[in-house]
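For reference, the structure discussed in these notes is given below.
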Amino acid sequence: MKLGIALGGGGAKGLAHIPMLEVIDEFGLQVHQIAGTSIGAIIGVLYASGYSAKEIRYIVSQMTYVKGDGLLRSIKDKHTFRWLKYINIDWGGNAFLKADSFMADLMSDVRVSAFEDLKYQLKVVAADFWKREQVVFDSGDLRQAVQASMALPGIFVPVVIGDQVLIDGGAVNPVPFDVLNDCDLVIAVNVMGNRTESADLIPSFTEAIFNNFQIMQTTILKHKLRAGPPDIFIEPEIVDIQMLEFYKAKEILRQSGPAKELLRRQLEELLKIKSRQ
């Protein structure tokens, strides 16, 4: 059986992909293709390069920054999430984080540099800013493709490849299950999560920016699901986690627990049905 896995975007909430991949590993299924958008592309490239879900969980645990410990302690702490060196405060510029530094750190954990060298087939989704259309990478340089897929406007600088200016793939395909092909079973994971209404109902500036993007993504996803849903669609109930709150890794993984169990039950049942066919 050829399995296709689609991992959606959602910033820090994308760490919820890890428990879902742990279920895939438990069943020992043959992975045929992985498709990823934004954080889904990051987790996807780690998995497709040969890391198990358990190993990816460990990598994430070594990149945990605990909020509230103070700047000096965070710099000294060997477990500090390495965000500090990525920050590029320039209110007159076009990005908040240094994509080059971030990608160099990320790719240091990836064993290969080209799609063709991956253990599993991988498709990475980005968006062409000027043409306003989807771009799917499945060959060539991994780093460029992943950097383009996660280039959330205002956070990371857009990536220029040839004559294309590329931004976060969530702008066109937040959970890219529809780009998978030749798969007998498709599992899609949406990690956009939910927010609790603020007491005064008026969102903060950053909340308005990030949630506006996710309102658009939710609308796109609803249309895609109506057009042709995957075999299994899982939505971990990630609540009140903002886009860049990676330091809440433990809380994100904890909140992912019920969805992990649901995926295990649904996958077990679906495999029984397919075995009878």
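The values are calculated or read from the model by the stated rules, or taken from the named source; none is laboratory data. Worth saying up front: this structure is predicted, and the values here are computed from it rather than measured. Here the Cβ positions follow ideal geometry from the backbone for every residue, glycine too, while neighbour counts run over all protein chains shown. Just the protein is used for accessible areas: all its heavy atoms, side chains included, with ligands, DNA and RNA removed. Shrake-Rupley method; radii C 1.70, N 1.55, O 1.52, S 1.80 Å.
Every residue, every condition in (1) hydrophobic (A, V, I, L, M, F, W, C); (2) out of contact with any Gly (no Cβ under 8 Å at 6 or more places or on another chain); (3) closer than 17 Å to residue 7 by Cβ, yes or no:
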{"position": "220", "(1), (2), (3)": "yes, yes, yes"}
{"position": "223", "(1), (2), (3)": "no, yes, no"}
{"position": "227", "(1), (2), (3)": "yes, yes, no"}
{"position": "231", "(1), (2), (3)": "no, yes, yes"}
{"position": "235", "(1), (2), (3)": "no, yes, yes"}
{"position": "249", "(1), (2), (3)": "yes, yes, yes"}
{"position": "262", "(1), (2), (3)": "yes, yes, yes"}
{"position": "268", "(1), (2), (3)": "no, yes, no"}
{"position": "272", "(1), (2), (3)": "no, yes, no"}
query = What pairs can you find where one residue is in segment 167-196 and of a type in the set (Ser, Thr, Tyr), the other is in a loop (DSSP other than H, G, I, E, B) and open to solvent by 10 Å² or more (accessible area, probe 1.4 Å), and their Cβ atoms are less than 8 Å apart, with a gap of 6+ or different chains?
reply = 196/240
ask   = When residues of segment 16-30 are filtered for being open to solvent by 10 Å² or more (accessible area, probe 1.4 Å) and touching a residue at least 24 places away in the same chain (Cβ under 8 Å), how many remain?
value = 6
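Residue by residue, here is whether (1) of a type in the set (Lys, Arg); (2) closer than 24 Å to residue 24 by Cβ holds:
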| residue | (1), (2) |
| --- | --- |
| 161 | no, no |
| 187 | no, yes |
| 190 | no, yes |
| 222 | yes, no |
| 234 | no, yes |
| 244 | no, no |
message = Kindly evaluate residue 23 against the criterion of being touching a helix residue (DSSP H, G or I) at 6+ places or on another chain (Cβ under 9 Å), at pLDDT 95 or above and within 21 Å of residue 172 (Cβ to Cβ).
response = no
note = Scanning segment 115-162 for residues that are of a type in the set (D, E, K, R) and open to solvent by 80 Å² or more (accessible area, probe 1.4 Å), the one farthest from residue 2 (Cα to Cα) turns out to be 131
ask   = What are the residues in segment 203-223 that are among the aliphatic types (A, V, I, L, M) and at pLDDT 90 or above, if any?
value = 220, 221
inquiry  = If I ask for residues that are open to solvent by 10 Å² or more (accessible area, probe 1.4 Å) and either closer than 20 Å to residue 259 by Cβ or in a loop (DSSP other than H, G, I, E, B) (or both), which ones from segment 48-58 would you list?
reply    = 49, 50, 51, 52, 54, 57
task = Filter segment 179-202 down to the residues that are modelled with pLDDT under 90 and among the polar types (S, T, N, Q), then identify the one that is surrounded by the most Cβ atoms within 10 Å (Cβ to Cβ).
result = 194
task = Select the strands (runs of 3 or more DSSP E) contained entirely in segment 126-178, then report the ones holding at least 1 residues which are modelled with pLDDT of 95 or more.
result = 133-137, 164-168
query = Any idea which of 249, 227, 259 is over 23 Å from residue 185 (Cβ atoms) and of a type in the set (Gly, Ala, Ser)?
reply = 249
query = Out of curiosity, is residue 252 within 15 Å of residue 10 (Cβ to Cβ), assigned to a helix (DSSP H, G or I) and modelled with pLDDT of 90 or more?
reply = yes
ask   = What are the residues in segment 226-241 that are open to solvent by 50 Å² or more (accessible area, probe 1.4 Å) and under 14 Å from the mean Cα position of the chain (by Cα), if any?
value = 235
